[in-house]
Amino acid sequence: MNHTDYLSLQGLSKSYGKVTALSDFNLSVAQGEFISLLGPSGCGKTTTLQLLAGFVQPSAGDIFLNGKSITHLPPNERGLGIVFQSYALFPHMTVRENVSFGLEMRNMDPVERIERVNRILAMVQLDAYADRYPRDLSGGQRQRVALARAIVIEPPVLLLDEPLSNLDAKLREAMQFELRRIQRKLGTTTLMVTHDQAEALSISDRVVVMDSGRIQQIDAPHALYESSDSKFVSTFVGKTNFLSATVRARSLQLSTDLHVQTHEPIGHEGSKVTLSIRPEKLKFAQVSDTPKLKVQIKERFFLGNLWLYRVDSELGELEVSCINDGMAPKNESGVEHLTWDDAHFKVMSAPEALK
Amino acid sequence: MISNTRTPYFLSAPALGLFGLMVLFPFLLTFLLSFQRFDHQVGIVPGYTLDVYKHILNDSFYWEVFGRTAWVSLSTTLLCVLIGAPEAYVLSRMRAPWRSFFLVIILSPLLISVVVRAFGWSLVLGPAGLLNSFLQSIGLDRVRILYTPTAVVIALVHVMLPFMVIPVWTSLQKLDPQIENAALSLGASKFQVWWRVVLPQITPGLLSGALIVFALSASAFAIPGLVGGRRVKMVATLIYDEYLHELNWPLGAAIALILLLVNLLVMYVTQKMMEGRYARRMGS
């Protein structure tokens with residue numbers, strides 16, 4: 001075991017009867033890191049969190065925290081802070097009592113306890129609501145109580161289970177930054193489960209993309225977006241266009257007279273590969289550009305900051321997105337030319353390309 | 001055409017009529033009856049007096065019967081809380097097929113005639129019953145339980161348990177299942193989770209269950225009559241005796257009204273006490 005790993009999950013698996021919820025999950029987390037587990041529902045991300053929390057026992061594998069195995073410790077001896085999707089606040093206790101509960105369970109000296117609770121409430125900007133009951137609070141406030149209750153015990157690891165999914169879009173965005181600010185300030189190692197790729201990309205140090213109980217890719221958000229080499233990850237994180245190509249001597253052939261230059265050899269000449277290119281990497285050719293592909297615009301969608309075009313070409317249907325620069329958009333059913341930088345094409349990994 | 005304001009009265013008229021005829025009217029008659037006087041030679045004497053009430057208050061026999069009824073009801077309520085609350089909790093934690101199975105078992109006393117149930121307990125608790133045969137077989141002395149207040153309490157707990165389990169179970173259903181996990185993650189022991197998180201949230205259910213059980217036990221007639229026998233006199237059996245054996249209807253009516261009054265008082269005081277404490281907390 002590498003001792004610089006603060007939290008380490010090794011070969012973690014969980015099956016319910018014949019159903020495998022999680023198989024061979026390996027992850028090492030550095031102290032202070034913010035990790036997101038991202039995936040569609042049923043991908044095993046929540047199971048991972050429950051294994052970490054100790055609510056579920058793994059079928060195989062180990063969890064090490066600070067070099068010690070916590071695999072078989074009951075949840076109340078792990079000391080981890082958890083923010084539940086439903087918040088799970090104690091409805092019969094005030095905000096202050098909710099936050100104070102974990103410290104009372106630790107038999108903390110009352111003077112210190114009150115001081116600590118007040119400090120945390122101020123940090124999450126709830127000091128004015130300390131004596132209210134959870135039912136009198138808004139969704140965002142309840143979310144902050146849940147966060148305060150989890151961090152007041154100064155847990156070695158903070159677990160967040162879809163913490164922002166019950167908030168409306170505007171508040172969710174605000175809370176993302178708030179969450180990141182508090183996490184940075186306290187330096188608490190954090191694992192967040194989410195199905196929202198924008199949330200995962202915007203606040204994590206690293207993102208673990210999961211599907212069908214397996215890790216698909218672990219990477220920093222930017223690297224994940226730019227260099228994912230699996231079909232699942234490229235479609236789950238952002239949008240992409242898939243194109244099939246034939247391997248040639250020093251290029252990949254998309255069509256009769258359209259080639260993508262490559263720097264490294266890809267495979268046997270004549271074999272088929274799948275290429276991926278993000279919609280925003282495709283551009284409508286200006287007068288000064290060399291047009292590469294003739295397309296006809298089928299539909300366009302206005303997203304505020306972006307225009308999203310769906311176009312037809314000899315390579316099939318493509319999605320192209322352009323920044324809304326304030327100018328009039330391209331006409332629907334108009335004929336245009338696309339251009340791109342060959343470096344933006346990603347070759348999908350071999351087993352995936354066979355699909 | 002009936003105007004809008006009258007429609008509600010019109011629609012509720014059958015129910016109101018039935019209620020008036022079956023509850024209010026007999027209640028009023030009983031109320032009036034309790035202020036009359038009974039003479040063994042001439043029967044009910046016309047005119048209204050407080051004699052019957054004075055008689056009850058001055059005779060220690062009635063105090064004893066009311067006292068016995070109170071502590072039998074209280075013990076029944078207490079036992080129902082102690083058995084019913086954990087039972088409801090265990091029930092709410094059971095998986096699908098077993099849960100409905102055990103729920104039916106708990107409700108089963110309500111499906112059996114009270115007379116059958118009472119005789120069943122006589123068979124179990126009687127001098128040659130199951131309990132005593134068992135005690136003898138392990139070499140212990142026989143115990144005399146049947147026709148004692150203990151037997152009444154045992155049989156009442158059996159009947160009243162569903163009235164405790166159902167309200168508690170209902171309040172348990174409203175609990176967020178993650179709440180117990182939240183308390184555990186904060187370092188609470190299993191007992192602390194129960195004591196500090198689950199129990200306060202099911203207290204309203206526990207209270208309404210306790211009130212129902214107490215009120216029903218205090219006015220129970222068949223169980224004290226059949227399992228308690230002639231010796232263990234309780235208020236309801238006393239009323240029956242006054243009406244049907246002594247034919248002293250005014251005395252029976254007065255005892256019935258005092259029972260009703262005490263019951264209402266207990267409910268009111270409990271409600272008031274708990275309202276102040278829990279209403280704000282539980283948001284009711």
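Each reported figure results from applying straightforward, stated rules to the coordinates on display, with no laboratory input. The structure displayed is predicted, hence computed values, not measured ones. Neighbour counts are summed over all protein chains in view; Cβ atoms, including those assigned to glycine, are modelled from backbone coordinates with ideal geometry.
Can you say what percent of the DSSP beta bridges in the protein assembly as shown, counting only those with both residues inside, are antiparallel? Round to 5.
75 percent
Using the alpha-carbon atoms, what tilt in degrees (0 to 90, nearest 10) does helix B:96-111 show relative to the longest principal axis of chain B?
Roughly 10 degrees between the two axes.
What's the long-distance tail for segment A:239-353, i.e. % of Cα pairs beyond 17 Å?
In whole percent, the long-distance tail amounts to 56.
Ordered by packing density, taken as the mean number of other Cβ atoms within 10 Å over each peptide's residues, highest first, how do B:49-56, B:199-206, A:250-257 rank?
My ranking of the peptides, most packed first, is B:199-206, B:49-56, A:250-257.
Could you list A:Leu201, B:Leu107 in order of exposure, starting from the residue whose Cβ has the fewest other Cβ atoms within 10 Å?
Neighbour counts put them in this order, fewest first: B:Leu107, A:Leu201.
Could you grab the relative contact order for chain B? Cα pairs under 8 Å, six or more apart, rounded to a whole percent.
Averaging sequence separation for qualifying contacts and normalising by length gives 27 percent for chain B.
For chain B, with the dipole built from +1 on Lys and Arg beta-carbon atoms and -1 on Asp and Glu ones, taken about the Cα centre, which of B:Asn58, B:Ala151, B:Thr30 lies farthest toward the positive end?
Final value for the positive-end residue is B:Ala151.
Expressed as a fraction of 2.2 N^0.38 Å, the rule-of-thumb size for a compact globular protein of N residues, what is the C-alpha radius of gyration of segment B:59-249?
Here the Cα radius of gyration is 1.22 times the empirical estimate.
Just the Kirkwood number for segment B:34-145, please: inverse of mean 1/r across all distinct Cα pairs, in Å, one decimal.
The Cα-based Kirkwood calculation yields 19.3 Å.
Which trypsin sites (Lys or Arg not before Pro) does segment B:187-284 hold that lie in a coil by DSSP with at most 14 other beta carbons within 10 Å?
Loop-located and lightly packed - B:Arg230, B:Arg231.
Quick check on segment B:158-231: what are the equivalent-ellipsoid semi-axes from the Cα gyration tensor, as sqrt(5λ), descending, whole Å?
36, 12, 9
What 222 nm value per residue comes from the helices of the protein assembly as shown, counting each DSSP H run with n ≥ 4 as -39,500 (n - 2.57) and dividing by all residues, nearest 500 deg cm²/dmol?
Helices in the protein assembly as shown give a 222 nm mean residue ellipticity of -14500 deg cm²/dmol.
So, how do all the Cα-to-Cα distances of segment A:208-277 break down into 10 Å bins, in percent, from 0 on up?
Reading upward from the zero bin: 19, 40, 31, 10, 0.
Pairwise over distinct Cα atoms, reciprocal of the mean inverse distance: report the Kirkwood radius of chain A in Å, one decimal place.
Value: 23.1 Å, from the Cα pair sum.
Could you sort out which of A:Lys14/A:Lys239; A:Lys292/A:Lys330; A:Lys239/A:Lys272; A:Lys45/B:Lys174; B:Lys54/B:Lys272 sit more than 25 Å apart by Cα distance in this structure?
Pairs exceeding the cut-off: A:Lys14/A:Lys239; A:Lys45/B:Lys174; B:Lys54/B:Lys272.
Given A:Val56, A:Cys43, A:Gly326, which one lies farthest toward the positive end of the charge dipole of chain A, if we put +1 on the Cβ of every Lys and Arg and -1 on the Cβ of every Asp and Glu?
Farthest towards the positive pole: A:Val56.
Place the peptides B:79-88, B:120-129, B:19-28 in order of packing, highest mean first, counting for every residue the other Cβ atoms within 10 Å and averaging per peptide.
Result, highest mean Cβ count within 10 Å first: B:79-88, B:120-129, B:19-28.
Could you work out the mean count of beta carbons from other protein chains within 10 Å of each residue's beta carbon in B:174-182?
6
Would you mind working out the magnitude of the charge dipole of chain B relative to its Cα centre, with +1 at each Lys and Arg C-beta and -1 at each Asp and Glu C-beta, to the nearest 20 Debye?
820 debye
Once you average over the residues of B:196-203, how many Cβ atoms of partner chains fall within 10 Å of each Cβ?
Partner-chain Cβ atoms within 10 Å, mean over residues of B:196-203: 3.
Explain nothing, just the number: relative contact order of chain A, from Cα pairs under 8 Å at least 6 residues apart, as a whole percent.
15 percent
What residue among A:Ala150, A:Ala128, A:Ala198 has the largest mean-square fluctuation in a Gaussian network model of chain A, using Cα springs under 10 Å?
A:Ala128
If each of B:Ser189 and A:Glu173 carries a label point 7 Å out from its Cα toward its Cβ, how far apart are those two points in nm?
About 5.0 nm separates the two model spin labels.
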